[in-house]
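**Q** I'd like to ask you about the structure that follows.
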Amino acid sequence: MARAERRISTGQAINEALHIAMQSDPDVILLGEDVAGGGRREGEDVDEMGGVLGTTRGLVKAFGPERVRDTPISEIALVGAAVGAALTGLRPVAELMFIDFIGVCLDPLLNQAAKLRYMFGGKARVPLTVRTLTGAGMQAAAQHSQSLYWMTAGIPGLKTVIPSGPRDAKGLLLAAIRDDDPVIFCEPKGILNLVEDVPEGDYEVPIGKASVAREGTDVSLVGMGATVRLALAAADALAKQGVSAEVLDLRSLAPLDEEAILATLAKTGSLVVIDESTPRCGIASDVAALCVDRGFDSLNAPVKRVTAPHAPVPFSKRLEDAYLPSVPRVLEAVRELGIG
Amino acid sequence: MARAERRISTGQAINEALHIAMQSDPDVILLGEDVAGGGRREGEDVDEMGGVLGTTRGLVKAFGPERVRDTPISEIALVGAAVGAALTGLRPVAELMFIDFIGVCLDPLLNQAAKLRYMFGGKARVPLTVRTLTGAGMQAAAQHSQSLYWMTAGIPGLKTVIPSGPRDAKGLLLAAIRDDDPVIFCEPKGILNLVEDVPEGDYEVPIGKASVAREGTDVSLVGMGATVRLALAAADALAKQGVSAEVLDLRSLAPLDEEAILATLAKTGSLVVIDESTPRCGIASDVAALCVDRGFDSLNAPVKRVTAPHAPVPFSKRLEDAYLPSVPRVLEAVRELGIG
Amino acid sequence: MQLERTTLLDAYRRMRRIRVFEEKLNELVTAGKLGGFLHLYVGEEAVAVGVCLQLGDGDFVASTHRGHGHCIAKGVDLGGMMAELYGRATGLCKGKGGSMHIADMHKGMLGANGIVGAGIPLATGAALTAKLKKTGGVSVAFFGDGASNQGQFHESLNLAAIWQLPALYVVENNGFGEFTPTDFVVPVKDIATRAASYAMRSEIADGMDFFDVFEKAGKAIEHARSGSGPVLLECKTYRFKGHYVGDSLRYRSKEEAERWIQTRDPIARFESRVREARLLEADDLRRVDREVDEEIAAAVAAAEAAPFPDVSEVTTDVYVGEA
Amino acid sequence: MQLERTTLLDAYRRMRRIRVFEEKLNELVTAGKLGGFLHLYVGEEAVAVGVCLQLGDGDFVASTHRGHGHCIAKGVDLGGMMAELYGRATGLCKGKGGSMHIADMHKGMLGANGIVGAGIPLATGAALTAKLKKTGGVSVAFFGDGASNQGQFHESLNLAAIWQLPALYVVENNGFGEFTPTDFVVPVKDIATRAASYAMRSEIADGMDFFDVFEKAGKAIEHARSGSGPVLLECKTYRFKGHYVGDSLRYRSKEEAERWIQTRDPIARFESRVREARLLEADDLRRVDREVDEEIAAAVAAAEAAPFPDVSEVTTDVYVGEA
Ligand SMILES: Cc1ncc(C[n+]2csc(CCOP(=O)(O)OP(=O)(O)O)c2C)c(N)n1
Ligand SMILES: Cc1ncc(C[n+]2csc(CCOP(=O)(O)OP(=O)(O)O)c2C)c(N)n1
Ligand SMILES: [Mg+2]
Ligand SMILES: [Mg+2]
């Protein structure tokens, strides 16, 4: 269905999705550190901050401090309470400011949200959404730049999604909030200010479905979040060399759209996966492992992984730039496949 | 060098390694919940428990309560304090009773121990060892049976090792304690009572080196911890079918011994990796991804992963047995490779 | 405080259920009939019953690894519990959860929990639900003295205090955390004093005296329900058995244990109290005893006759829309 | 309390260094010359200096995201700090750490920390080292009012209390955690009262008055050093700048900020106090001002002239025996 569209940023798209979700369901609440911002109390009329990056601005004015709650700096209590609230009838959207902070609140995700339904024999549901910033590029250094979505993607019982731009961000967040299972919604720093046409109104992007961002026949470039743009840029460069690259945007890291990955591999016979996270136990390995198992007969070449190195994220711009996947490194990987 | 050997269990081997480490280095201390057991105070002469499974019994008697410290049930403080102590000159061995509890103490590992050296430009070291129980099979259910070593193996700056029996347990633990980097030492529940010949005295098993547990030519079975025995049992069964299977015991999950994996793959051309952990973002995927990248030219068949399903660990014995990798499932995987 | 005869009988019945149910479990594990880790509540019955007797199905309870008592006190079906411990398909959790994860959402029982302290934020979140949905419900977190040293305790109580949630935090101070005496790891005499860090109201009750727990929990529940904010209630109690079934108990003196068991047994004290006051007769109590024995025997028989879950169950119930 | 002239000059110099260093950073970031998140300590100088002036290189300090002041007060080299913030190879951390991770093990500075509350257990562990190695050292954790709502605060203070560690916990209560007023998330008037949960000694100091901090920190350090156990010291202070450079400050009133800046500036108060008491002359202070200005200017010049780290540095220093 065609809808009116206008150009807005990923941050604005997320804000819009939150407005729509709260409008359409009174059980949806927001909680997190400074999600209102300014410790707004009933009555007071602070010009609130709406989170460190202003993503949640306007929501407390629209829905009030009962539904948009600033919390203490107590992640394990705020995430744990969100799990308890979800278990008992609310549909909370908790904000974990940076995914790096999962170190102080993993248990409610790992051992509670992810497992309660299973441990209770299917007699419970935990419709929780956790919004969290991921990725490097802002010189935020080793503790504010990680792409730890592999940790949540690896936990059975959780779902993890990551948009590559405003349009998917809005639809995926609406789908995540309405999903009856706990969903980790990643907000890659690198795309928050990216602007594109976004439909107005209410729509969902299905969780578990990847999307072909560009059609191609010679090689498959698989990306997620911020690396999708990288893959598209690499595809442009390859086109100039006469190489036709297909770009797949995973969108959903768990569940992983295995059929879409196998389909593009079957089409091109060779695949490069690009992930800004570190190399061990990550999404890139899962994609490669899938290719060498169910996709074996389609493989004409090695599967290359272009990721960050096995190291923390450095502060110095010079080092951070070298740390992150780049178009040259993607082209290099494609060359290693004997293509282009 | 030949040494006197005698048959002891993995638990006893670990206890022996701790005695030797504390004897040979006054900076080595133990801390954890009930590692002494009985909240032993100076003076008192409690017949201490030595941990929930008695693994650390006798240590507080030998080295005193200053060096063998019972802690409150405060994992993030005890692990965080161990990091601070390691950073300032001690060589602490912290016990995280079950790796499942990493949910309440991930930060000191993820954002402190793993990153301090790097963030400080190489001007610090964190000689910390964390001993922790892993694995299922005791009907301990979803929160006491996980094999979460993939989480620590995926974190740059940490090392993660897992023995498959008493001999390696002793040598790996001594190497871990003396390593100047933080090491997670996994104690798979399934092998704690396994008995074999163990050398007396002081010896180390190098971290980062896998070992060939059985030579073979037709297919490679890669295991770790408790799944090594499974692989050996499968190899016996395959031998009866005239299939010669090589068994590789990873021993070190991070760093991963890539050369050893590539060597066995080059020898057999086909590989099955067996991991009792869940399938996403795990060691099995890393091994498969390595094979389809650097090992591509050796590959004659798909790489199969025999793991637990993408689900929490169930309580009922019937379900737990079905949940875990088994010899029949390994044989099935080998058959799928068109071997045997 | 004068209690109805029916209330007293109900209280006695629930305490007896816990006692007999767990003595039975002890027997079954020792006989090798049950697997897994079992943490028995025997000796602490007055706490769970004194609190839960004043809760309805619309009120929530988050429990611990030592959860059978809270479940039974909250009215969870004994048959479903026993079948769960046997790992049968008819168990409350289809055999998937076991002792440390028994739950019954219909009864507001948000589950036992294998992670020390993890039930505290869950109960806190449930209290937020009650507040925002204006159900008039309260949410209770039971946890041990050892759990009061967990960060989740600190963060959750602070959150409940600033949000004035209808929550009750019941710390069951049984003198030990596993094998470690409480005074070795908690530097204050009363854990209740920790409520002051959150300007939270607190109370201390004799956890071996049903009537004292009932009275103080009643006031606390009333306080929370009326919107006046959360309360921390410390119940001084003692576990008659080991930390888990099989515990050698080397770390505590037999004399100490015997003293508690002989002189402070909450069920024996309840009986003498109600009989001296002529509130209940021996016959009333013995009838309850017989009924409870039959219930438990029936639960065991049914569990042993029940089928094991089908292996296909291993991968179901991971997601609502099975992904 | 009568302080040596040299001590007073040292105190003034350290406070001025922090002030001028950070005013400079503010300028550089605004001019787009520095990247990353910078959290300025301006206004809180008396706390870091009042405490650190009484510590030696053998004493440890674990800091926060707002760590420049603690580093400078602890004697960390300004040039190395400035180069680090510029991401140069000559930085204290070779440009790998940046503002939130500046450290100098030789000075006992265990690092700024980007994780709120994470420095508290680190300092606690360092105190354990001091105790077991009998170095006579003490370990200090600086952290904010917001951090006192973290589980790491609760667990660490309890651990230090039962182990009687030589640790000092300094909570810098500056009235805000990011954009949220402290009283909105901390239900008690004084965070110092939380020490009672651990039977720990506590003190409250005027964090805008160097002399008050110096006196109370001195007693606390003496207490910890002598083996009498840890202390929680709350310093009431105020951050003159935003939470980070670039903060719009919409969430707090200009009047409030102006009042603090005009009437409570710790450096101005220090000057009037020492001059009224004729402990130091204007000339002494102005000389220090000039010297500090030169130091900072030199640090900036050196940093801007320094090389960036080689890209090969991206993968070094991950492991000691580079694995
Ligand atoms: C986070 C965490 N740490 C440790 C354990 C292991 N453990 C299980 S019960 C227990 C003791 C709990 O003591 P307390 O809170 O006093 O409860 P009690 O057993 O006395 O009822 C411990 C340490 C756990 N399950 N979870
Ligand atoms: C665990 C964690 N949660 C949240 C943040 C984001 N954050 C950085 S500073 C800060 C405020 C800290 O407040 P306070 O402890 O009072 O210190 P102050 O900034 O006032 O000096 C927050 C929430 C973080 N860095 N770490
Ligand atoms: Mg206890
Ligand atoms: Mg503050």
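**Q** State the number of residues belonging to the range C:126-182 that are part of a strand (DSSP E or B) and within 16 Å of ligand 4 (Cβ to nearest atom).
**A** The total comes to 0.
**Q** Another one. Identify the single condition in (1) crowded, with 24+ Cβ neighbours inside 10 Å; (2) assigned to a strand (DSSP E or B); (3) in contact with a Lys or Arg (Cβ under 8 Å, 6 or more places away or on another chain); (4) touching a residue at least 40 places away in the same chain (Cβ under 8 Å) that B:Cys186 does not satisfy, given that it satisfies every other one.
**A** (3)
**Q** What residue, among those in the range D:184-195 that are in contact (Cβ under 8 Å) with a residue 24 or more places away in the chain and not in a helix (DSSP H, G or I), is farthest from the other protein chains (Cβ to nearest Cβ)?
**A** Checking each candidate, the answer is D:Asp190.
**Q** With the checklist (1) crowded, with 21+ Cβ neighbours inside 10 Å; (2) within 12 Å of another protein chain (Cβ to nearest Cβ) in hand, flag the one item C:Ser248 doesn't pass.
**A** (1)
Quick grid of which residues meet (1) more than 14 Å from chain D (Cβ to nearest Cβ); (2) touching a residue at least 12 places away in the same chain (Cβ under 8 Å):
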position: A:Ala213; (1), (2): yes, yes
position: A:Thr217; (1), (2): yes, yes
position: A:Ala226; (1), (2): yes, yes
position: A:Gln241; (1), (2): yes, yes
position: A:Glu259; (1), (2): yes, no
position: A:Asp286; (1), (2): yes, yes
position: A:Leu299; (1), (2): yes, yes
position: A:Ala308; (1), (2): no, yes
position: A:Pro312; (1), (2): no, yes
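**Q** Sticking with this one: Could you check the range A:92-115 and list, in sequence order, the residues that are among the hydrophobic types (A, V, I, L, M, F, W, C) and either at the interface with chain C (Cβ under 7 Å from one of its Cβ atoms) or in contact with a His (Cβ under 6 Å, 6 or more places away or on another chain) (or both)?
**A** Selection gives A:Phe98 alone.
**Q** Which residue pairs have Cβ atoms under 6 Å apart, sit 6 or more places apart or on different chains, and have a first residue in the range C:196-208 that is closer than 15 Å to C:Ser228 by Cα and modelled with pLDDT of 95 or more and a second that is β-branched (Val, Ile, Thr) and not in a strand (DSSP E or B)?
**A** The qualifying pairs are C:Ala199/D:Val188.
**Q** Select from the range C:166-206 the residues that are out of contact with any Ser or Thr (no Cβ under 9 Å at 6 or more places or on another chain) and of a type in the set (Asp, Glu) and list them in ascending order.
**A** Hits for the range C:166-206 are C:Glu178, C:Asp183, C:Glu203.
**Q** Moving on. Return the residues of the range C:144-154 that are in contact (Cβ under 8 Å) with a residue 60 or more places away in the chain and within 14 Å of chain D (Cβ to nearest Cβ); say none if nothing qualifies.
**A** Hit for the range C:144-154 is C:Ala147, nothing else.
**Q** Identify, from the list A:Gly121, A:Gly157, A:Gly89, the residue that is on the phi > 0 side of the Ramachandran plot, within 10 Å of chain C (Cβ to nearest Cβ) and either free of Cβ contacts under 8 Å to residues at least 12 places away in the same chain or part of a helix (DSSP H, G or I) (or both).
**A** A:Gly121
**Q** Based on this model, can you work out whether A:Leu96 counts as touching a residue at least 40 places away in the same chain (Cβ under 8 Å) and part of a helix (DSSP H, G or I)?
**A** no
**Q** Mind checking whether some residue in the range A:190-206 is of a type in the set (A, V, I, L, M), under 13 Å from A:Thr160 (Cα atoms) and surrounded by 22 or more Cβ atoms within 10 Å (Cβ to Cβ)?
**A** No, the range A:190-206 has no match at all.
**Q** In the range D:226-244, which residues are among the β-branched types (Val, Ile, Thr) and either surrounded by fewer than 14 Cβ atoms within 10 Å (Cβ to Cβ) or away from ligand 2 (no atom under 13 Å from the Cβ) (or both)?
**A** Correct list: D:Val231 only.
**Q** Please work out which one of (1) more than 14 Å from chain C (Cβ to nearest Cβ); (2) not in a loop (DSSP other than H, G, I, E, B) is the condition A:Gly37 fails and give its number.
**A** Condition (2) is where A:Gly37 drops out.
**Q** Could you please find all residues in the range C:146-168 being surrounded by fewer than 24 Cβ atoms within 10 Å (Cβ to Cβ) and within 16 Å of ligand 3 (Cβ to nearest atom)?
**A** Of everything in the range C:146-168, nothing turns out to be surrounded by fewer than 24 Cβ atoms within 10 Å (Cβ to Cβ) and within 16 Å of ligand 3 (Cβ to nearest atom).
**Q** Next question, about the same structure. Restricting attention to the range C:109-124, and to residues there that are more than 16 Å from ligand 3 (Cβ to nearest atom) and part of a helix (DSSP H, G or I), which single residue is farthest from A:Gly89 (Cα to Cα)?
**A** C:Pro121
**Q** Tell me, which helices (runs of 4 or more DSSP H) lie completely within the range C:1-82 with 2 or more residues that are surrounded by fewer than 20 Cβ atoms within 10 Å (Cβ to Cβ) and either away from ligand 1 (no atom under 16 Å from the Cβ) or without any contact (Cβ under 8 Å) to a residue 12 or more places away in the chain (or both)?
**A** C:5-30
**Q** Determine which single condition D:Ala123 fails, assuming it passes every other condition in (1) more than 9 Å from every other protein chain (Cβ to nearest Cβ); (2) of a type outside the set (S, T, N, Q); (3) more than 13 Å from the chain's Cα centre (by Cα).
**A** Of everything listed in (1) more than 9 Å from every other protein chain (Cβ to nearest Cβ); (2) of a type outside the set (S, T, N, Q); (3) more than 13 Å from the chain's Cα centre (by Cα), D:Ala123 misses just condition (1).
**Q** Being of a type in the set (Lys, Arg) and away from chain D (no Cβ under 12 Å), is that true of even one residue in the range B:64-73?
**A** Scanning the range B:64-73 turns up no residue that is of a type in the set (Lys, Arg) and away from chain D (no Cβ under 12 Å).
**Q** Could I ask something else about it? Tell me, please, whether a residue that is within 16 Å of ligand 1 (Cβ to nearest atom), at pLDDT 95 or above and buried (at least 24 other Cβ atoms within 10 Å of the Cβ) can be found in the range B:110-128.
**A** Within the range B:110-128, not a single residue is within 16 Å of ligand 1 (Cβ to nearest atom), at pLDDT 95 or above and buried (at least 24 other Cβ atoms within 10 Å of the Cβ).
**Q** Any residue at all in the range D:127-140 that's within 14 Å of chain C (Cβ to nearest Cβ) and away from ligand 2 (no atom under 14 Å from the Cβ)?
**A** No; the residues of the range D:127-140 include none that is within 14 Å of chain C (Cβ to nearest Cβ) and away from ligand 2 (no atom under 14 Å from the Cβ).
**Q** Only residues that are under 28 Å from C:Phe270 (Cβ atoms) and either part of a loop (DSSP other than H, G, I, E, B) or within 14 Å of chain D (Cβ to nearest Cβ) (or both): list them for the range C:196-229, please.
**A** Residues satisfying the conditions are C:Arg201, C:Ser202, C:Gly207, C:Met208, C:Asp209.
**Q** Can you confirm whether B:Pro127 is in a helix (DSSP H, G or I) and within 23 Å of the chain's Cα centre (by Cα)?
**A** In short, no.
The values are calculated or read from the model by the stated rules, or taken from the named source; none is laboratory data. In this text the structure is predicted, and so the values were computed from the model without any measurement. So basically every Cβ, Gly included, is an ideal-geometry build from the backbone, and we count neighbours across all protein chains shown.
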